[in-house]
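Peer 1: Below you'll find the structure I mean.
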Amino acid sequence: MTLNTRIIIAIIFASTLGLIIEIFTSSYELKKQGEMDLINKSTAILSRLEVARDFVANQGGLNSTIATIKAQYPDGKLPEEAKQVVLNQVPIYASLKIGSEGAAKEGYEFRVFSKNPRKEKNLATSKESEILERFAKENIPQIVESTSDQVIVYRPVRLSEKHGCLTCHGNPNTSPWGNGKDILGYKMENWKDNHLHAVFAIIQSKENIKEQIKASIFSIIG
């Protein structure tokens, strides 16, 4: 093998190795930054939902609304429009409304789940039940989960007596109808302040991150 051939081989080897290292480094940094951006976006969304919940709670309109509805429908048979009037004064409902309505526009999936939901679609899966168990055992504000395709950020939803949550989920003896049911007709669970009721999840796809990594690789090779 001539000296020129050795030099050419060495140059090709060094260039190829450098290209591989640059691709790996660039891909890693883009993936890391992309995931962090998704986490930050999810965190901002969840914080916005909590602000909406607190805002509605601080208006203090739930009890007066319940009193009005009870007077209007003493038999407890509320039409849908009356139920909606009540729901509009429920702090957690504001979070649910904003979270679900903003999902499609802002490119994320919103999910709420519980072991004891009032709607079947919100029943926790086996995987989600594990998340609930973690929040029940650990005093943590949120959980971040990253898979090959998604980034999911979870936050616990705990009952707050000062926010009026126990008006619907508290002691059945406080039922506005005297039958253990809340104003909407659901059985009151006798839960206490700070009870872990549910979890909010913001789910985002990594597809855009993968596309950025592909574009970066082609650019580096070029």
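Peer 1: I'd like the Karplus ³J(HN,Hα) series for region 170-178: coefficients 6.51, -1.76, 1.60, θ = phi - 60°, whole numbers in Hz, and an x wherever there's a Gly or Pro.
Peer 2: x, 5, x, 5, 8, 3, x, 9, x
Peer 1: Further, regarding this structure: Can you list residues from other chains, or at least 5 along the same chain, whose modelled amide H is less than 5 Å from the amide H of His197?
Peer 2: Val157, Arg158, Leu159
Peer 1: Could you pull the Rg and Dmax for region 131-171, using just the Cα atoms, both in Å?
Peer 2: Gyration radius and largest Cα-Cα distance of region 131-171: 14.0, 44 Å.
Peer 1: Using a 1.4 Å probe, how large is the accessible area of Ser15, given in Å² and rounded to the nearest 10?
Peer 2: Accessible area of Ser15: about 70 Å².
Peer 1: Using Cα centres only, tell me the gap between region 167-181 and region 92-126 in whole Å.
Peer 2: If we compute the Cα centre of each part, the gap is 25 Å.
Peer 1: Semi-axes, largest first, in whole Å: what does sqrt of 5 times each Cα gyration tensor eigenvalue give for region 163-209?
Peer 2: Gyration-tensor ellipsoid for region 163-209: 34, 11, 7 Å.
Peer 1: Name the long-range amide H neighbours of Ala124: under 5 Å, sequence gap of 5 or more, or other chain; modelled H, no Pro or chain starts.
Peer 2: Close amide H contacts, sequence-distant or interchain: Ser114, Lys115.
Peer 1: Check Gln150: other-chain or 5+ apart residues with amide H under 5 Å from its amide H, H built from backbone geometry?
Peer 2: Under 5 Å from the amide H of Gln150 lie the amide H atoms of Lys206, each far enough along the sequence or on another chain.
Peer 1: Another one. What ³J(HN,Hα) values, in whole Hz, does the Karplus curve 6.51 cos²θ - 1.76 cosθ + 1.60 give for region 72-78 when θ = phi - 60°, with x put for Gly and Pro?
Peer 2: 3J(HN,Hα) across region 72-78, in whole Hz: 6, 10, x, 7, x, 8, 8.
Peer 1: At what distance in nm do the modelled label points of Gln142 and Gln84 sit from each other, each positioned 7 Å from its Cα along Cα→Cβ?
Peer 2: Each label point lies 7 Å from its Cα, and together they span 3.2 nm.
Peer 1: Nearest-5 percent of antiparallel DSSP beta bridges in the chain?
Peer 2: 95
Peer 1: Express in Å², to the nearest 10, the accessible area of Leu123 obtained by rolling a 1.4 Å probe over the protein heavy atoms while all chains stay in place.
Peer 2: Answer for Leu123: close to 90 Å² accessible.
Peer 1: Can you give me the pair-distance distribution of the chain, C-alpha pairs, 10 Å bins, whole percents?
Peer 2: That works out to 7, 25, 26, 16, 10, 7, 5, 3, 2, 1, 0, in percent per bin.
Peer 1: Can I ask one more? Which value in deg cm²/dmol, rounded to the nearest 500, describes the helix-derived mean residue ellipticity at 222 nm for the chain, given -39,500 (n - 2.57) per DSSP H run of n ≥ 4 and division by the residue count?
Peer 2: -18500 deg cm²/dmol
Peer 1: How large is the accessible surface per residue of region 70-222, computed with a 1.4 Å probe and reported in Å² as a whole number?
Peer 2: 58
Peer 1: Shifting gears a bit: Treating cross-link reach as a plain straight distance, find the lysines whose alpha-carbon is under 18 Å from the alpha-carbon of Lys83, omitting any fewer than eight places away in the same chain.
Peer 2: Within the straight-line limit of under 18 Å, Lys83 reaches these lysines: Lys70, Lys97, Lys119, Lys181, Lys187.
Peer 1: Please pull out the direction-averaged projected area of region 89-139, using the convex hull of its alpha-carbon atoms, in nm² to one decimal place.
Peer 2: One quarter of the hull surface, i.e. the mean projection, equals 4.7 nm².
Peer 1: When the solvent-accessible surface of protein heavy atoms is calculated with a 1.4 angstrom probe, in what order do Phe55, Phe135, Phe110 fall, highest first?
Peer 2: From most exposed to least exposed: Phe55, Phe110, Phe135.
Peer 1: Continuing with the same structure: Carbon and sulfur: what percent of region 36-109's accessible surface (1.4 Å probe)?
Peer 2: The C+S portion of the solvent-accessible surface of region 36-109 is 56 percent.
Peer 1: So what are the ³J(HN,Hα) numbers for region 159-165, from phi and the Karplus equation (6.51, -1.76, 1.60; θ = phi - 60°), rounded to whole Hz, Gly and Pro as x?
Peer 2: Per-residue couplings from phi come out as 5, 10, 5, 5, 8, x, 4 Hz.
Peer 1: While we're looking at this one, here's another question. In region 93-134, whose amide N lies under 13 Å from the spot 7 Å out along Cα-to-Cβ of Arg48? List them in ranges.
Peer 2: Within reach of a label on Arg48, which here means backbone N under 13 Å from a point 7 Å along Cα→Cβ, region 93-134 contributes 95-110.
Peer 1: Say we join alpha carbon atoms closer than 10 Å with springs in a Gaussian network model of the chain; which of Ala136, Ala94, Ala198 then has the biggest fluctuation?
Peer 2: Among Ala136, Ala94, Ala198, the largest mean-square fluctuation in the Gaussian network model of the chain belongs to Ala136.
Peer 1: Just subtract the alpha-carbon distance of Ala67 and Glu29 from 0.36 nm times their residue separation and send over the number in nm, one decimal.
Peer 2: The Ala67-Glu29 span can extend by a further 8.0 nm.
The values are calculated or read from the model by the stated rules, or taken from the named source; none is laboratory data. Keep in mind the model is a prediction, meaning the values are calculated, not measured. Here the Cβ is made from the backbone with ideal geometry for all residues, glycine too, and neighbour counts use every protein chain on show. When the accessible area is computed, the model is the full protein with side chains, heavy atoms only, and any ligands, DNA or RNA have been set aside. Shrake-Rupley method; radii C 1.70, N 1.55, O 1.52, S 1.80 Å.
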